[in-house]
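K.L.:
For reference, the structure I am asking about is given below.
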Amino acid sequence: MAESKAAEATLDKGEAEVKKDRRELLKSIPWLGIAWGALAAAVGGLLTGILRFLYPNVLFEPPQTFKIGLPEEYQVGEVATQWKDRYGVWVVRNDEGFYALITVCTHLGCTPNWLSSENKYKCPCHGSGFYKNGINFEGPAPRPLERAAIVLAEDGQIVVDKSRKFLYERGGWDDPSSFLLYTA
Ligand code: FES
């Protein structure tokens, strides 16, 4: 009898411990969830970092130096507008040769339009106007348009280099690289 009572007591004690363990486990479940969530977030962040490293954001900018064809493809007296969207230049041919104007307004950087009927570049933002040669004459633009370097390549094509800019007010238009002599 005494033995069975002792066995019962041991059993009760064991059950109580199991219940206690279960309660402890249930109490810790929310913390487990949070811990798993934190771990998942950390792994996610790490994977995102690795992917960004493997596939970095690349800004595709148009090249600064480019060929624009043969001189004979341009008419004397005309402003060639076909390179405006692609390279951001107007190419002008006059009796003496070529120059390339950068299509950025010198007021606040908008893109003017060439208006052939009015023989001028007109900025749509605040109304600045520039003569065909790039000199400003109306509106708030404080200075002429800038020119890019222009040369003839060995294959006979015209090459424009926008990384070299020539500013009228600094005497840059007197630099031989700002103008391509061509009279053929
Ligand atoms: Fe061209 Fe202001 S940005 S006039």
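The values are calculated or read from the model by the stated rules, or taken from the named source; none is laboratory data. The model shown is predicted, which means the values in this text are computed figures rather than measured ones. Accessible surface is based on the protein model in full, side chains and every heavy atom, while ligands, DNA and RNA are left aside. Shrake-Rupley method; radii C 1.70, N 1.55, O 1.52, S 1.80 Å.
K.L.:
Ordering Trp114, Trp90, Trp36 by accessible area with a probe of 1.4 Å, largest first, what comes out?
P.N.:
Accessible-area ranking of Trp114, Trp90, Trp36, largest first: Trp36, Trp114, Trp90.
K.L.:
Between Gly97 and residues 5 or more places away or on another chain, which pairs have amide H atoms under 5 Å apart, with H built 1.01 Å from N, and which residues are they?
P.N.:
Tyr182
K.L.:
So for Thr65, Thr106, what's the accessible-area order with a 1.4 Å probe, most first?
P.N.:
I get Thr65, Thr106, largest accessible area first.
K.L.:
How would Leu152, Leu115 rank on accessible area, largest to smallest, probe 1.4 Å?
P.N.:
Working: Leu152 75, Leu115 55 Å².
Sorted descending by solvent-accessible area, the residues read Leu152, Leu115.
K.L.:
To continue, here is another question. Would you pull out the residues with amide H under 5 Å of Cys110's amide H, same chain only if 5 or more places away, H placed 1.01 Å from N?
P.N.:
For Cys110, whose amide H was placed from the backbone, the distant partners under 5 Å are Cys105.
K.L.:
Tell me the carbon and sulfur percent of the accessible area for the range 126-173, rounded to whole percent, probe radius 1.4 Å.
P.N.:
Heavy-atom surface of the range 126-173 belonging to carbon and sulfur, 1.4 Å probe: 47 percent.
K.L.:
On to the next question. Over the range 74-146, give the accessible area per residue in Å² for a 1.4 Å probe, as an integer.
P.N.:
On the way: 3390 Å² over 73 residues.
Here the residues of the range 74-146 average 46 Å² of exposed surface.
K.L.:
At 1.4 Å probe size, what's the solvent-accessible area of Arg143? Round to the nearest 10 Å².
P.N.:
Only protein atoms counted, so the area is about 60 Å².
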